[in-house]
Amino acid sequence: MNSFWALVRRDLRLAVREGGAIGTALGFFLIVVSLMPLGLGPDLNLLARIAAGILWIALLLAALLSLNRIFEADYEDGTLDVLATGTLPLELVATAKSLAHWLTTGIPLALLAPVLGILLNLDLASYPILVGTTLVGTPAVSFLGAIGAALTVKARRGGLLLALVVLPLYVPTLIFGISAVSAAAGPAGMGAAFLILAAISLAAVVLGPIAAAAALRIQLQ
Amino acid sequence: MQLIAEDLIIERGGRLVIDGLSFAVSAGETLVLAGANGAGKTTLLRTLAGYIRPSAGSVRCDGGDDELTIAEQAHVIGHANAVKSSLTVFENATFWSEFLGSPNETDGHIESALRHFGLDDLAEFPAAYLSAGQRRRLGLSRLLLAKRPLWLLDEPTVSLDVASTERLVSAVNDHTRSGGLAIVATHLPLALERARTLELVSLRMAA
């Protein structure tokens, strides 16, 4: 486990020093959400009704922008070859890198979401639920995204391919993330949708790295 | 320990690169891979490291740690150096030592590895400002950061000056003297001890 945490620590340090990936994702999130009220007009009831949906969609697209960095930099400078010779299985290498991506991109995006909710007249009671669902849902974003990042690591300008691979996988996260926020306002409460969202994240944390490692083995050939 | 390759057939991009190659390297020996550009030196090294699956034949390791694959017992030095520009020289070395090494390394092994390749003065220097040769030396310092019995070196002397090349040769000779194996693809006549040369023939040219 020593090498697992060494890899996580190194990725966190690189993310802080290089900074660009976090900045791009947060900046994109901010821009999309702040343009939304300008495009839809000043109908506060309409904005409040669609706020959760807009925040979730913008969050997924913002995360998508940063996904390609999970493996690409390591592939380009030869680090991936050496990581594959470690005693740490490639599955855990993918886990460590996805975890670092969640910590540096998923959590900042989840924490920015309620701030941007102000722009969309999000109901005050929904704030804790929004933070809860984004924090619980973003691991799925990072760990499923790692599959796409691993598959497209050799593709130059593979952004479109990455989006086509990953976005369908994000649909369940999106549906249950939004329905947890809207259900919380209703009589049934958010229980079921929130638990399914948590289940999706847990499954992604387990299955994503296995698929990503299989993809990386092919890329190393 | 012995590394044995039997009847290897390797294809790359639909082209046959290695056709029916067998060889064995024993502990304490260095195998030098020679051959023209495109003869398959890199392909062979990447196959030995387990990145490429051969179309036929096998690579196995006798007398090593049965729990580990060949890749997990090997240091692979490829064309790229696996150096992160935003980390310092020491941080790069520390990461590889933690990632590749066993927990019971002695204190100061990072410093001594950097010193061997003449990087001790540059330890706190960001790797972004290193020259090509210094980056190469930092990549090579991995060999000494973690103890592994098999060294697979693909053109390790690229961008090294004469003095650094001698440091590399002495590291390889020390390694084989203490019972390690090394396979080195190179175009230079290096002063490697206990070395045999395997000449790879470009199949396209031979045909």
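The values are calculated or read from the model by the stated rules, or taken from the named source; none is laboratory data. Everything quoted here is computed from the prediction, not taken from an experiment. Positions of Cβ are generated from backbone atoms using ideal geometry, with glycine treated the same way; all protein chains shown enter the neighbour counts.
Observations, loosely collected:
- Top-ranked residue in the range B:12-47 [being modelled with pLDDT of 90 or more and among the charged types (D, E, K, R); ranked as surrounded by the most Cβ atoms within 10 Å (Cβ to Cβ)]: B:K41
- Taken together, the residues in the range B:59-106 that are assigned to a loop (DSSP other than H, G, I, E, B) and among the small types (G, A, S) amount to 9.
- The numbered conditions (1) in contact (Cβ under 8 Å) with a residue 40 or more places away in the chain; (2) among the hydrophobic types (A, V, I, L, M, F, W, C); (3) crowded, with 18+ Cβ neighbours inside 10 Å; (4) in a helix (DSSP H, G or I) are all true for B:L190 except (4).
- Some residue of the range B:107-127 being within 8 Å of chain A (Cβ to nearest Cβ), at pLDDT below 90, part of a loop (DSSP other than H, G, I, E, B) and touching a helix residue (DSSP H, G or I) at 6+ places or on another chain (Cβ under 7 Å): no
- From the list A:V153, A:V166, the lone residue that is buried (at least 20 other Cβ atoms within 10 Å of the Cβ), in contact (Cβ under 8 Å) with a residue 12 or more places away in the chain and not in a helix (DSSP H, G or I) is A:V153.
- If you go through the range A:1-43 and keep only what is within 14 Å of chain B (Cβ to nearest Cβ), loosely packed, with under 15 Cβ neighbours inside 10 Å and within 12 Å of A:P108 (Cβ to Cβ), you end up with A:V16, A:G19.
- Among (1) within 14 Å of chain A (Cβ to nearest Cβ); (2) closer than 25 Å to B:Q2 by Cα - the single one B:L181 does not satisfy: (1)
- Pick from the range B:48-63, criterion surrounded by 19 or more Cβ atoms within 10 Å (Cβ to Cβ) and more than 16 Å from A:I218 (Cβ to Cβ), ranking: nearest to the other protein chains (Cβ to nearest Cβ): B:L48
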